[in-house]
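Structure first, commentary second.
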């Protein structure tokens, strides 16, 4: 039973008199606990796809099912509630509230939902353990490094146990060492929490952590790369780079 | 609540200073409204209380019908007693006097609405009857004995203290028969009837007064208490009619409280002006709040976007902004109430000066408090409405965007159309509607908001044009950085617009206040100069015989002297109502040698008018009366002379603001013949050219000062006094305008700081390729200067329109006919202020920009 299913989705934008097909019929399914990376050159439609999967935008045609719920025909409010309960977001620029400390930032989605954050104490503690910031839980974002901020952002996206976690270039604003740690963290959240993760990236090293890499070009899936689960990281990277070269040629 | 605590409270705390500053508009508006309302109520209350307590239980008064200067025989008491339903009829005689050794001779008890008689006012009374009418609070000694002829006096405590008099002392007073002695037998407190003539008041037995002041058996007034002490309006009117019928047309029977109405009217005119200003302060407050919230929403776009992404609904986002608005409103209203209480004290003092009348303590009524707080919070909510709605509309995708791209949608593209319509609409409404009535005026003041909003909406579309015109100037002043800075202004037009708008409002306020103040003060000065003609002003707290003028005229160095006499006269208006006017009589020809008439308009031939006024029973009327009652030269006014109502032809319309402009002027002969008065209130003295005014003043002082108990003042010092008084009255307005400019400057700091933060990377790049710190500073200053120029010019334009409108409204309602003047210096000054404010406000962000570290900046997100 897939947790996410995209059925023949198309997205068109109007640019002056011209209509641009950002997505031209995309189909795929994601199983629970799967770690998927979406890659492609700029303008390939990967950001558009991420927006549609997260219910931030709706497709011109086709449908998206997230945890058995169709996202295509939702009202603005229902889409918001669907995001609140089923989607976790991680952004390139962390987007933490500077006025809240790490713990409060993590609990923000719970508070927005009007729930008592005290009931999430165990969940919070296990997430703080996961991201390794137990001792910095009361620090404000400006007292945390970029990598630490991104870890807090990941914990925030996981607090509500969403059906999927969507990450938009999560390592794009970090040095390579910190970026590696963040990808490892996402990997662990898949393995330890059975969390479904979808990452949009143009960094092959980041994509190598995924179970599966979907390549987009001109709004279409051109390759769905699924390496064997026991394939070493370096071999995966080689496979991904090879595919990229093939696509670019 | 938890969400509010985490999001809104924290966000406020992180920018608490700005939050507090944006509350300023509301604080000012609320404080102004509250202070004005409560001070005014206190003033009105104390005036009506004064008249109530000075008239005591008297429900009707009988006085001579001719003028209120001449008395009538005490035999009239008999006629009064013929009427049924009267319990007490108490006669009294008024006598204006002064202490013979009073040393206060070089100050004039002056108020904006006229002078007080000062001196010592004595009432000759019948002790038994008087005590049935008025409650004197005896604080020392005893009341007058029943012996009608004994030379005793009861004084007001405060007067006695000032003059260092105690019970048992003999005081010397000035009378037409020379200095006479009275024994002080008692002191009464300065409330109730003790407030008469500001406490410069005493009572003596009736016959003593008649003898000492040559009044024979005359009295001035009979106070009537009906048997039914709480009559209905109808019953009282019936009694009044019965009395009037019995007494005949030589007497006038009136309600005593009617005397308070004139003062009430004056006060209301001043209140209209102040109320308008606090109304505008609230509007400006609303505007600044809108500005502050719009800025916050722009600033927090990414944050709201992120919150929307993780599942916050539109309603929740809008709700949070509204909660912030509510807090700001409550805070602003709360602080406003505090400031209002302080302001009320100052305003009370000001009112006391203006009215020359003591006002009791100001009590802030719960109703006023509720109204002010309600208005403050309500206005904040309204102003925050649009930004709150906009915050809810922020797309969650904003969170995913790279920083610095704020959406500039339809407002930029089409806002100017709406702006132009609003501008045209509000100007049209304002011109079409001359605010003849209060309600219309209040509605009209709403369009002020339309005017500001319209002008604001024009800014984004025109920024490009402004920038294009100003760029060469900026380049000239700030060099190459000026060019860059100038261009930067177009980058975030929403923010630029809000900043420019805030400056515009501030400058407009300054222009408006200056325009109004100058128009009022300018005309008042012209009038005062003519009104206080000559070089020396001679007056007295006792009556002046005309021959004193001749003596002064014979003094060496005196070129001319003219006597002036003021008295009240009943006037039957064209509508058939009776109103009290002030009659100013003068020796017309002498008057023209000392000073000149200020004719209103050019429809009168001055020479003919002056000759006719001197030789015929004709009058000049004030422009206020002419305008209010649509009277012109050739018409007549129906005045109550000593032989009943009589038509006097109008031969001129003059500018005269004395007594709120309710003035007619006439010749000496006219006064003598038709009103039976022959003494002077004042002499104007003109000194020969080249002769020292001081020397002549000293001479008159030493020769006649003591003998006739004169107060002799150089006109320059009175003009100084009056100017000070006007400045005090107008200073309130200036303060309000200045604060709005300061708040406007905050917008500049905000905008530029945000721009600098956003452009950190760009500034780093500029520094990397060799831009010096100084150049970076100049770049930011140039951007600010341009905003200052646009804000200043737009402020001047809207300010002139507003000043005009306010002027029309104020003149129409107050009845003052003034010439609109707006000195060019005021315009230049406000432009300079806008520029200076913009430059000073730009210093912190400019320094911040200069401190940007190149390496960090190029790595900046």
Relative to chain A, whose Cα atoms define the longest principal axis, helix A:233-248 and its Cα axis are tilted in degrees, nearest 10, by 40
When DSSP beta bridges are limited to those with both residues in the protein assembly as shown, what percentage is antiparallel, rounded to the nearest 5? 70
Taking the number of other C-beta atoms within 10 Å as the exposure measure, put B:493, B:345, B:514, B:13 in order starting with the fewest. B:13, B:345, B:493, B:514
Per DSSP H run of at least 4 residues, take -39500 (n - 2.57); add these up for chain A, divide by its residues and hand me the 222 nm value, nearest 500 deg cm²/dmol. -11500 deg cm²/dmol
For chain A, longest principal axis from Cα atoms; helix A:102-112 axis from its Cα atoms; angle between them, nearest 10 degrees, is 70
Sort B:341, B:808 by Cβ crowding within 10 Å, fewest neighbours at the top. B:341, B:808
Most exposed to least, judged by fewest other Cβ atoms within 10 Å, B:447, B:4, B:670 sort to B:4, B:447, B:670
Other chains near B:303-309: what is the mean number of their Cβ atoms within 10 Å of each residue's Cβ? 6
Of the residues A:62, A:88, A:33, which exhibits the maximal mean-square fluctuation in a Gaussian network model of chain A defined by a 10 Å Cα contact cut-off? A:62
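Read-outs: derived from the displayed coordinates by stated rules, not from any lab. Please read these numbers as outputs of a predicted model, since none were measured by experiment. All Cβ positions, even for glycine, are placed from backbone atoms using ideal geometry, and neighbour counts span all protein chains on display.
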